[in-house]
Amino acid sequence: MHTGTTLTQFIIEEQRRIPGATGDFTGLLNDIVTACKAISNAVNKGALVGIMGALESQNVQGEVQKKLDVISNDIMIRSNEWAGHLAGMASEELDEPYAIPDKYPLGKYLLLFDPLDGSSNVDVNISVGSIFSILRAPRPNRPAVVEDFLQPGTQQVCAGYALYGSSTMLVLTLGHGVNGFTLDREVGEFILTHPNMTIPADTKEFAINASNRRFWEPPVQRYVEECLAGKEGPRGKDFNMRWVASMVAEVHRILTRGGIFMYPRDTKDPSKPGKLRLMYEANPMAMIVEQAGGAASTGYERILDIQPESLHQRVPVILGSRNEVEVVVGYHQN
Ligand code: AHM
Ligand code: MG
């Protein structure tokens, strides 16, 4: 039996610290958490309930949608549309923002999410996750339009992810530190297991999809070459390498033992200045990483300072242990 702090208790205690809080935000977070529990169940059942494999449809970015992508997107929307906390939602899986149906009240927050990140890993039973970001609606209680969502990451009031791995975890920041909770399936609650997560400033572990090497820009080429050169190279130490191809798992590893993660700008497809999406991948992860003492940059600028231009905008991402990110950023400045 658990004896620790539940996520519900944690959120309510956080709310008590904010004078004049209405409970709106607490309600919203609770609905997101419920959605993550439901997605965790769906991911966990896997092939038993016939939800593996690809659907016929493609999403707005031309990628084949997995059945679980669609199911997870649906779960997020159904859990969050009814309660009156939101003016609108935006999802990786939807071209346009999701309009809250007329039958429900509108609220003062905006929710952005990637319902199932790393979903190419689902069929091979490797960790996937959900990522979310909460912004204040510039026009509360009015149906949100695209422009309402285009706020820099510094404006996020909360960011988090759920990791569906060997255990299901929820990691959250409300702008003062990062806390991690583990799902106790028997109790049905997330329990605070990783209070005040911090990223060590130094690391000897890097993560990058090296099959893209020939498309990288010189600063990233140089950084990775120097890591590979190990003790005998200019860095004077041996590095280890990991690549899960699941950003949530990657960021979680970095929050646990440090490291640097890179999906840098490359020349593979000139129309895409990176693979990851700013609004519901890079921004929430950058907020979490910074709140844990790490750094997050495109190589050229701090991710959280980017003024978004479109909902599905892609950006280069370099994040993790502060000193290591600074090395890569320094190479970009040269
Ligand atoms: P997705 O949102 O379509 O799942 O793509 C994002 C994922 C990240 O989780 C991961 O870091 C990256 O794509 C892996 O890309 P690649 O397959 O090029 O290694
Ligand atoms: Mg994604």
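Where Rh is the Kirkwood radius over the Cα pairs of the range 211-334, the temperature 37 °C and the viscosity 0.692 mPa s, what D in µm²/s does Stokes-Einstein return?
In µm²/s, the coefficient rounds to 223.
Between 0 and 90 degrees, rounded to the nearest ten: what's the tilt of helix 247-257 against the longest Cα principal axis of the chain?
70
As I understand it, the value is the acute angle between the Cα axis of helix 24-45 and the longest principal axis of the Cα atoms of the chain; what does it come to in degrees, rounded to 10?
Taking Cα atoms only, the helix is inclined about 70 degrees.
Which trypsin sites (Lys or Arg not before Pro) does the range 226-262 hold that lie in a coil by DSSP with at most 12 other beta carbons within 10 Å?
In loop regions of the range 226-262 (DSSP not H, G, I, E or B), the sparsely surrounded trypsin sites (Lys or Arg not before Pro) are 237.
Which FRET efficiency value, to the nearest 0.05, do you get for residue 204 and residue 141 by plugging their Cβ-Cβ distance into 1/(1 + (r/R0)^6) with R0 = 35 Å?
0.10
Taking the range 7-194 on its own, what percent of its Cα-Cα pair distances exceed 26 Å?
Values: 5348 of 17578 pairs.
That tail contains 30 percent of the Cα-Cα pairs.
Arrange the peptides 282-289, 194-201 so that the one whose residues have, on average, the most other Cβ atoms within 10 Å appears first.
282-289, 194-201
How high is the relative contact order of the chain, given as a whole-number percent (alpha carbon pairs under 8 Å, six or more residues apart)?
15
Convert 25 °C to kelvin, take the viscosity as 0.890 mPa s, use the Kirkwood radius over C-alpha pairs of the chain as Rh, and evaluate the Stokes-Einstein diffusion coefficient in µm²/s, rounded to a whole number.
Working: Rh = 20.3 Å.
D, rounded to a whole number, is 121 µm²/s.
Using the Cα centre as the reference, give the magnitude of the dipole from point charges on the C-beta atoms of the chain (Lys, Arg: +1; Asp, Glu: -1; all else neutral), rounded to the nearest 20 debye.
Here the size comes out at about 400 debye.
Where does helix 67-80 land angle-wise versus the long Cα axis of the chain, in degrees 0 to 90, nearest 10?
Tilt of helix 67-80: around 50 degrees.
Quick note: the coordinates plus some simple rules give every number you see, no bench work behind them. The structure displayed is predicted, hence computed values, not measured ones. Quick reminder, even Gly has a Cβ in these numbers, built from the backbone with ideal geometry, and neighbours come from all protein chains shown.
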